[in-house]
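The values are calculated or read from the model by the stated rules, or taken from the named source; none is laboratory data. Just so you know, these numbers come straight off a predicted model, no measurement behind them. In this analysis, Cβ positions are derived from the backbone assuming ideal geometry, glycine residues included, and neighbour counts consider all displayed protein chains. Accessible surface areas use protein heavy atoms only, side chains included; no ligands, DNA or RNA. Shrake-Rupley method; radii C 1.70, N 1.55, O 1.52, S 1.80 Å.
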Amino acid sequence: PQAAFFRALVEIAFIFYIFLLYRNPAQYLPRHSLLSWGLSAFVVTLLLASLFGITRFQSFWGDVQRSEGVIFYIHLLVFFFVLSSVFTRRIEWLWLFRGAVLAGAISAGVGIVQALEAPFLFQLDPGRASGTFSNPVFFGNYMTLAVLVSFLVLLEEERKFAKILWGLLGVLCFVALVVSGTRGAWVGLGVGFATFFTVFFLSTERKRRVAKVALAVLFGLIVAGFLIQYIPDIQGQ
């Protein structure tokens, strides 16, 4: 259901985007960048692989459980071009990221309550929280994104109170990631932070402050790794 809902929203947004292009093509026409070309090449590669694969129908549409066929990635690509063409100012992206963190924090809160074995919340896999998702794997991957985006918002905020708020929400999502027991999400989190700090070091002079934050995050990941190793409920997951 989440995939169908997302596709419908992207298609509606794309229709309105066409109207924007008609009114002001110079302002809203997609811009060329290494990222846009790379994502386009990735989706084209997926399309060719599905056309020349064994099960073309399933490769294109996906299955009921995951809905990760080429049609879904085409929607993701359209979503990327709509966002990157309409949101052109820093403050617009910041508000989008704030909303994403708030949504992730709500799902994280549900997952933590599940981990406390609340009788009024359903758990598909006992011992592993799934939040507002039906699968702890999907939930863990979502929490990875929420943690990374909350960290970005924390760095971009200028007010001390706002930094504390987004930091606490990031910690909440981090705890939810732990109780999801998803190993692949931890790999994604590590690669995400490594990529983030690499790009950040190359694009700013605030290296000393970022280095301190990086060490704190690294220490937190190490501690979380020990917790995962010794918490019985998520061992071997």
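Starting from 0.36 nm per residue, how many nanometres of slack lie between residue 20 and residue 74 once their C-alpha separation is accounted for? Spell out each step's value before the answer.
Details: separation 54, 0.36 × 54 = 19.44 nm, distance 2.05 nm.
Length gained between residue 20 and residue 74: 17.4 nm.
Send over a whole-number figure in Å² for the accessible area per residue of the range 1-137, probe 1.4 Å. Before the final figure, lay out each step's value.
Details: 9240 Å² over 137 residues.
Each residue of the range 1-137 exposes 67 Å² on average to a 1.4 Å probe.
Quick one: if you take sqrt(5λ) for each eigenvalue of the C-alpha gyration tensor of the range 55-103, what semi-axes come out, biggest first, whole angstrom?
Details: eigenvalues 182, 38, 3 Å².
Equivalent-ellipsoid dimensions as semi-axes: 30, 14, 4 Å.
Could you compute how much accessible surface residue 148 exposes when probed at 1.4 Å, giving the result in Å² to the nearest 10?
40 Å²
Relative contact order for the range 64-161: what is it in percent, counting Cα pairs under 8 Å that are at least 6 residues apart?
Values: 60 pairs, mean separation 23.4, N = 98.
Rounded, it is 24 percent for the range 64-161.
Taking the range 1-96 as the region of interest, what is the percent of Cα-Cα pairs per 5 angstrom bin, listed from the shortest bin to the one with the maximum distance?
2, 12, 18, 19, 21, 14, 8, 4, 1, 0
What are the ³J(HN,Hα) values, in whole Hz, obtained from phi via the Karplus relation 6.51 cos²θ - 1.76 cosθ + 1.60 with θ = phi - 60°, for each residue of the range 49-56 in sequence order, with x given for Gly and Pro?
In residue order, the calculated couplings are 5, 6, 5, 9, x, 7, 10, 5 Hz.
May I ask you to give the percent of accessible area on the range 16-109 that is carbon plus sulfur, with a probe radius of 1.4 Å? Could the numbers behind the result be given before it?
Numbers: 4790 of 6510 Å².
Carbon plus sulfur share of accessible area: 74 percent.
For labels at residue 51 and residue 100 in the simple 7 Å Cα→Cβ model, what's the distance in nm?
Reported label-point gap for residue 51 and residue 100 is 3.1 nm.
Please list the equivalent ellipsoid semi-axes of the range 52-177, computed as the square roots of five times the alpha-carbon gyration tensor eigenvalues, in descending order and whole angstrom. Working shown, then result.
On the way: eigenvalues 163, 125, 16 Å².
Ellipsoid semi-axes (Å, largest first): 29, 25, 9.
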